[in-house]
Amino acid sequence: MLTRPSSDVDEGTGVVGVLSFMICLYLLAALAVDPLSGLFILLLGTMLPMIVWSIVVVKTHLRPDAGLDFNRTLSNAEAWPISLTKLLGLYTIFAAIGLCYFVLEHYRARQYGLYLASMSMAAPLLVFLAPFYVHVVTRRMMEPRDGLWHVGMVLRGKRAEADIAKVKDHILAWTIKGFFLAFMMSILPFVTTDVLEELRAPGVLMSVGTTLLLVQVLFLIDACIGTIGYICTFRVLNTHIRSANPYLDAWIFALICYPPFIIMRDGGPLNYHTGTRDWSDWLSGHPVLLSIWGIMILILCAVYAWSTAVFGLRFSNLTHRGIITTGPYRFFKHPAYLSKNIFWWMSVMPFLSTMGPKRAIQNCILLLAVNVVYLMRARTEERHLMQDPAYQRYAQWIAEAGFLPRLWNFFWRSAKPTQHKD
């Protein structure tokens, strides 16, 4: 039996995040705080303890893969030319992302209002603090000429001195951050509002509403910690992006799962919701089955939230930010995708339809197509991560000691006839 590879990510950071989240959510539900203020309190109240834990307890800044050496510091004279080149690249990237938000029709929708307003307020602070952060980190980097420096060199007209592969990778990483941070912040206010309203509603803990509320809370944990992951891409936290997924098909399969490209929503080609009803409606007349079904859904949602929480400050789509072998990743390479796709079958119940069996069959085929999309997301993510020997060892370990191989071995041994000696 292979030994499980060590994880690049400290599991305690995620635990701290979830505990901090639950404390903040309890306080927000008990206090008369409006949902929008509650959202920022929830984000900061979850993020700050995770950052403190990472620095004070885990000491992420001292880990070798952080790329920092506090015993070797560049002089200001050596570091400033590098830092200024990086700042040119950073400010240009900020401007490009801001221009996209300003020009693209998608970001004029109401749900992005809070995010864009927040970015407008934060922009001056980011511009002011960036030189301090970039210079301090640059002086202590083992390799100060990183992807951002190569971007700056191209902008300075010194393309011959720049590594174009690193330029492309850095631009892809920032594209991912700009796209997904906006998306996460667009959904957070609505989920936060719904959860706080449900928590404050009388009698919510007296019925099936308990299960529905817990499902919302678990999805809010996922959204909150996921958002924090996109915010905290800092080398001092060892949460910087090692590389962005370079494969076009990986981007296609990922982006079609999110607005404005999403193909599963109403009117989309893979909309499997037509004529469906919620699981709690279909099973309302069967209390025992309703309870069992609800517990199974809660377990799936808990695995999904756990899969995000175990990332700690590193959650991100389409990137490599360290290999995780703890939490649900002890059992599956893609526990979030697995639990999410099973959840859709159990919560939407596409095999039942108010429009008859024909529509139910169509919905099942469409949801199977959605499952294939997520299978391809998993495959393309693995193709990217397999470039890291650490992930190769992890994939080999899962193939031998993961949940499915262990289950197979258990039933295979049970099915074998017992050998008796005469």
For region 79-86, Karplus couplings with θ = phi - 60° (6.51, -1.76, 1.60), whole Hz, Gly/Pro x: 7, 4, x, 5, 4, 5, 5, 5
Accessible area of region 209-292 belonging to carbon and sulfur atoms, whole % at 1.4 Å probe: 67 percent
Amide H within-cut-off set for S243, under 5 Å, with H built and near neighbours excluded: H320
Inter-part distance where region 352-371 and region 218-245 are each reduced to a Cα centre, Å: 35 Å
Accessible carbon and sulfur surface of region 53-174 relative to its total accessible area, %, 1.4 Å: 69 percent
For region 265-341: rounded, prolate or oblate by the Cα gyration tensor [a/c cutoff 1.5]: oblate
C-alpha center-to-center spacing [region 86-121, region 258-328] in angstrom: 29 Å
Amide H contacts of I256 (H built 1.01 Å from N, under 5 Å, at least 5 apart or other chain): none
Most fluctuating residue given options G45, G209, G327, as computed from a GNM of the chain linking Cα atoms under 10 Å: G209
Cα-Cα separations in the chain greater than 37 Å, expressed as whole percent: 29 percent
Distance histogram for region 264-422 (every C-alpha pair counted, 5 angstrom bins, percent rounded to whole numbers): 1, 8, 12, 15, 16, 14, 13, 10, 6, 3, 1, 1, 0, 0
Fluctuation leader among S20, S291, S54 - the chain, Gaussian network, Cα springs under 10 angstrom: S291
Residues of the chain: accessible area per residue with a 1.4 Å probe, Å²: 51 Å²
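With contacts defined as alpha carbon pairs under 8 Å and 6 or more residues apart, what's the relative contact order of region 131-269 in percent? List each step's numbers first, then the result.
Numbers: 74 pairs, mean separation 30.7, N = 139.
Here the relative contact order equals 22 percent.
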Scattering curve values for region 72-179, log₁₀ I(q)/I(0), Debye with Cα scatterers, q = 0.11 Å⁻¹: -0.40
Acute angle (nearest 10 degrees) that the helix 164-200 long axis makes with the longest principal axis of the chain, alpha-carbon atoms: 50 degrees
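Averaging sequence separations of C-alpha pairs under 8 Å and six or more residues apart, then dividing by the length of the chain, give the relative contact order as a whole percent.
Details: 500 pairs, mean separation 93.6, N = 422.
RCO, the chain: 22 percent.
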Estimated [θ] at 222 nm from DSSP helical runs (n ≥ 4, -39500 (n - 2.57)) normalised by residues in the chain, nearest 500: -21500 deg cm²/dmol
Per-residue HN-Hα couplings for region 307-321 [Karplus 6.51, -1.76, 1.60; θ = phi - 60°; Hz; x = Gly/Pro]: 4, 7, 4, 5, 5, x, 8, 10, 5, 5, 7, 6, 9, 10, 10
Using θ = phi - 60° and Karplus 6.51 cos²θ - 1.76 cosθ + 1.60, couplings along region 49-55 (whole Hz; Gly, Pro as x): x, 5, 5, 4, 4, 4, 7
Where only C-alpha atoms are counted, convex hull volume of region 1-114 per residue in Å³: 225 Å³
Convex hull volume per residue for region 302-373, taking Cα atoms only, in Å³: 98 Å³
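The values are calculated or read from the model by the stated rules, or taken from the named source; none is laboratory data. Computed from a predicted model, the values in this text were never measured in an experiment. With ligands, DNA and RNA removed, areas are computed over all heavy atoms of the protein, side chains included. Shrake-Rupley method; radii C 1.70, N 1.55, O 1.52, S 1.80 Å.
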